[in-house]
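The values are calculated or read from the model by the stated rules, or taken from the named source; none is laboratory data. No experiment lies behind these values; they were computed from the predicted model shown. Because the Cβ atoms are built from the backbone with ideal geometry, glycine has one as well, and the counts that use them run over all protein chains shown. Calculation scope for accessible area: heavy atoms of the full protein, side chains included, ligands and nucleic acids excluded. Shrake-Rupley method; radii C 1.70, N 1.55, O 1.52, S 1.80 Å.
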Amino acid sequence: TPRRMGAKTTRGAKAKKGNAKRAQNRGKGDAKNNPTAFIAAGGVRARARDAQRALEKVERKAHKPLVDRSAEAAVAPPVVVVVVGPPGVGKTTLVRSLVKHFTKQSLREAAGPVTVTTGKARRVTLIECPNNLHAMCDLAKVADLVLLMVDGHFGFEMETFEFLNMCQTHGFPRVMGVLTHLDSFTNAASLRRAKKMLKHRFWTDVYDGCKLFYLSGLKHGRYPKQEVTNLARFVSVLRFRPLVWRNSHPYVIADRVEDLTSAAAVARDPNVERTVALFGFVRGTHL
């Protein structure tokens, strides 16, 4: 009787050849263990499982870390991360990139300190240090981590050494170097040479083995996602030793200012005496 169209061959040379091929490939690789490789051949159930898997991945990404708001957790102030560097080195861009990484929201301008949640019981305050000796002196006293930004194409500038000297006077917090503008190099050899020179200069001025991060060109007004992720991971998990200078020098920086004067009084007289509330954490020890 003639064989039906589409029926599987079970005997003959063609069937033997197919069986030999399957026996030869059996046990090689993990193709069958890949759940997404055979969806088209798996029918409705396989496609439904794939859709469920995709939804679960989206749901896992949507879960934000829960903040512990108990009294014990609320005592500790957020970790202060200060972004320092000369003008035009990319401080604002780095703050915006880190905020985008931690919150998945775009920050148009960083006006003042920005506090973000990086874990269940960890908050980080990002502060961009202005090019001002008074601001440098204040932030050197409260910084837990300093991201010292250097233009990789230009090299070290005077502001970098000024801030390092202030840090040495005030207990010396953790310092990590960030090299920017590396897309200015057109030659790979000169880029490697510049990285090596700046790394050893960092190790001389800060300490041997000081961690260095490299940020290349901009993409959509921010640094590349993978490079920011590498830096953010270090910021999220870094541990800090208590500093002897901080344990004997309490210090307060007002990171939020509110005008409590009634709007009616200001409307009547713009020069009326104002009532202002300043908010901040006591750093170091008790006042």
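Below are the figures for this structure:
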item	result
Distance in nm between pseudo-label sites at ALA54 and THR92 (7 Å out along the Cβ direction from Cα)	4.0 nm
Long-range amide H partners of ARG174 with built H, under 5 Å	VAL146
Cα extents of the range 116-273 along the three principal axes, largest first (Å)	67, 42, 37
Area projected by the alpha carbon convex hull of the chain, averaged over all directions, nm²	28.6 nm²
Length released on extending from GLU258 to PHE279, taking residue separation times 0.36 nm less the Cα-Cα span	6.7 nm
Check: the chain dipole with +1 on Lys, Arg Cβ and -1 on Asp, Glu Cβ, in debye	3900 debye
Helix-only mean residue ellipticity at 222 nm for the chain, each DSSP H run of n ≥ 4 adding -39500 (n - 2.57), per residue, nearest 500	-13000 deg cm²/dmol
Nearest-0.05 FRET efficiency for GLU109 and ALA62, computed from C-beta distance (R0 25 Å)	0.35
Accessible area per residue in Å² at 1.4 Å probe, computed on the range 169-287	67 Å²
Whole-Hz couplings from phi, Karplus 6.51/-1.76/1.60, listed for the range 157-168; x for Gly and Pro	10, 4, 4, 4, 6, 4, 5, 4, 5, 5, 5, 4
Percent accessible area from carbon and sulfur atoms, the chain, protein chains only, probe 1.4 Å	54 percent
Over the chain, relative contact order from alpha-carbon pairs under 8 Å, at least 6 apart, %	14 percent
Most positive-pole-ward Cα, THR115, ALA140, GLY155, against dipole of the range 115-171 from beta carbon charges	THR115
Theoretical FRET efficiency, 1/(1+(r/R0)^6), r = Cβ-Cβ of ARG268 and ASN132, R0 30 Å, to 0.05	0.25
Phi-based couplings in Hz for the range 200-209 (Karplus 6.51, -1.76, 1.60; Gly and Pro marked x)	5, 5, 4, 5, 6, 8, 9, 6, 4, x
Where trypsin sites (Lys or Arg not before Pro) fall in DSSP loop in the range 238-287, at most 10 other Cβ within 10 Å	ARG239, ARG274
